[in-house]
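These notes are about the structure you will find just below.
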Amino acid sequence: MSMLMERKMTVENDKHVKKSSNSHRIVYDTKDLNLWYSNTHALKDINLAINEKEVTAIIGPSGCGKSTYIKTLNRMVELVPGVRTTGSITYKNKNILDKSFKVEDLRTQVGMVFQKANPFPKSIYENIAYGPKIHGIRNKKVLDEIVETSLRGAYIWDEVKDRLNENAYGLSGGQQQRLCIARCLAIQPDVILMDEPTSALDPKSTLKIEELAQELKKDYSIIIVTHNMQQAARISDKTAFFLNGEVIEFDDTNTIFTNPADNRTEDYISGRFG
Amino acid sequence: MAKNSDSKTNNAVNVSEMIVQNKKKKSMSNLMEKLVPSFLFLLASITVLTTIGILYTLLLEAIQFFKAVPIWEFFTTTELKPLSQDPQFGVLPLISGTLISTVIAMIVAGPIGLMSAIYLSEYASDKVRKVFKPLLEILAGIPTIVYGFFAFTFVTPLIRTFWPELGATNILSPGLVMGVMIIPMIASLSEDAMNSVPNSIREGSLAMGATRLETTFKVVIPAAFSGIIASFVLGISRAIGETMIVTIASGSSKNFTFDITQSMQTMTAYIVEVSGGEAPAGSTIYYSLYAVALTLFVFTLIMNLLARYVSRKFREEY
């Protein structure tokens, strides 16, 4: 009995410790990041410290490098031939741009949701079970449980629970995108990167995804690229404004939208360009 | 300039007026609109009519054959001696020859073709692909008689240096060479199938921490499965129907055996041999050609139906 209590207490203690350090912990620390696509200088001297368990929005006009930046955070940008980077991005005390850093490990801890929903051409169940399976989880019971919790976590369980074995392509666009979020949750990452996740969705589905992002920040650090400034204002804690491959301003979302320090930020958010 | 001042807009030409003018000349093109589809239908019918015609001839002559040799005897007798005093017409030796050469060919072409496709589609850079694919297509363009000659004068002697039991004519080396011939077909068609899998799906898998290999085998290949199966079936059909290589390199012994070191005859090679002159029209041996051809036709038909069924059943739509 006493042992049990003791254990419980230590668990609570751990929780407490984690909680207290939450507010200031940095998940991604980017220092002097430069990136080139062959000869195009796409990111210029980026310095950003992104907090854990917050929603960080990245806004800016098309071609400003915001998608490139978010893809650098899980090194998906390397799929483009001829990409070069300098500088560092520290994630959990390690520079992820270091060649010795195993990219698969990084992507296991950092999930990504893409601009266009990209479920696998498999059943809904297999879509969610895919991640756990490639990481060695084979037990059917465990997988069943993961599938259910992940789908519940993305608030899509009630809509799909009766057709888990049907092809994911039978779902609507908004459902597909939430399925992709559930797919991310299935491997319990620390960070979820969202690259314009609602740009192809109707307002109702967009609202659902926004609510979901709010909900998920309790457990995950979320970095979201968006074209939609209202969206950034609604859901994010911090906002970075990118322009021509540079960070113009990075601050609390409130400050950015009510009292920006830079004229260009003000021009952009008030719709004068972009 | 004059036109410009006529029209109220700034347009250099008055398009709507020109369209009205042209409409008056439309009667000729209306006729074409009606005639062309009929003409196209006629051309498209040629293939269908030819198939029906061939099938009709085959059936008609094969029935003549089965009047002389009962159908069950044809499919159960293991002896094929069309020219002997007491002729025997069992198709089993030909079926065994055909199946064995096809199996050997597919053992070579299946894995190598698929692996080449995986390399080209998932790993090769654009530069490598641009060099490789045309090269593959050159391999596909070599006349089969060259392959046959190659099997007989090069591959067989080569294998015999370390496997002396192999006959001078045998089913092994034409099978192997047929496999090499089919590789480009399987590689090229499978590569097309895998290439048409959208990149976003690959990215989805890689972003979950899957390796390239896992992505290839667990996402890309299942998504391209129906195309890959189709390429295999086309390969098998090609092997079943292949004639020249086996005729040259496997000889004409009508052995019912599964010993790959021996000479065997395939259905196609039998047709070549018999239609080569020894068969007087109207004789049983002449009609046997049609019976064998019909069997061959049924084989490839079954393959095609099977392919349709399999690729539909395992299709992952995207």
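The values are calculated or read from the model by the stated rules, or taken from the named source; none is laboratory data. Given the structure is predicted, the values throughout are model-derived calculations rather than measurements. Positions of Cβ are generated from backbone atoms using ideal geometry, with glycine treated the same way; all protein chains shown enter the neighbour counts.
B:LEU305 passes every criterion in (1) at pLDDT below 90; (2) surrounded by 17 or more Cβ atoms within 10 Å (Cβ to Cβ); (3) assigned to a helix (DSSP H, G or I); (4) not small (Gly, Ala, Ser) apart from (2).
Checked against the criterion of being more than 24 Å from B:ASN304 (Cα to Cα), in contact (Cβ under 8 Å) with a residue 12 or more places away in the chain and not in a loop (DSSP other than H, G, I, E, B), region B:248-265 contains one or more residues that satisfy it.
Filtering region B:182-205 to residues that are buried (at least 17 other Cβ atoms within 10 Å of the Cβ) and more than 30 Å from B:ILE107 (Cα to Cα) leaves B:ILE201, B:GLU203, B:GLY204, B:SER205. Do we have any residue at all in region B:63-70 that's in contact with a Phe, Trp or Tyr (Cβ under 7 Å, 6 or more places away or on another chain), farther than 30 Å from B:VAL180 by Cα, in a loop (DSSP other than H, G, I, E, B) and not aromatic (Phe, Trp, Tyr)? Yes, region B:63-70 has at least one match.
Out of the residues in region A:23-47 that are in contact (Cβ under 8 Å) with a residue 12 or more places away in the chain and among the β-branched types (Val, Ile, Thr), which is nearest to A:TYR91 (Cα to Cα)? Ranking the qualifying residues of region A:23-47, first place goes to A:VAL27. If the condition is being at pLDDT 90 or above and more than 23 Å from A:HIS227 (Cβ to Cβ), then region A:32-50 contributes A:ASP32, A:ASN34, A:TRP36, A:ASP45, A:ASN47, A:ALA49.
Which residue out of B:GLY209, B:GLY204 is at positive phi and either part of a helix (DSSP H, G or I) or within 14 Å of chain A (Cβ to nearest Cβ) (or both)?
Working: B:GLY204 fails: at positive phi.
Exactly one residue qualifies, and that residue is B:GLY209.
Taking the conditions exactly as written (over 22 Å from the mean Cα position of the chain (by Cα), crowded, with 20+ Cβ neighbours inside 10 Å and either within 14 Å of chain A (Cβ to nearest Cβ) or touching a residue at least 12 places away in the same chain (Cβ under 8 Å) (or both)), does B:ASN170 satisfy them or not? Yes. Listed by first and then second residue, the pairs linking a residue in region B:90-118 that is farther than 18 Å from B:ILE260 by Cβ to a residue that is of a type in the set (Asp, Glu), with Cβ atoms under 8 Å apart and 6 or more places separating them unless they lie on different chains, are B:GLY90/B:GLU73; B:GLY90/B:GLU79; B:SER116/B:GLU191; B:ALA117/B:GLU191. Quick check: is even one residue across region A:158-181 crowded, with 22+ Cβ neighbours inside 10 Å, in contact with a Phe, Trp or Tyr (Cβ under 9 Å, 6 or more places away or on another chain) and not in a helix (DSSP H, G or I)? Taking every residue of region A:158-181 in turn, none turns out to be crowded, with 22+ Cβ neighbours inside 10 Å, in contact with a Phe, Trp or Tyr (Cβ under 9 Å, 6 or more places away or on another chain) and not in a helix (DSSP H, G or I).
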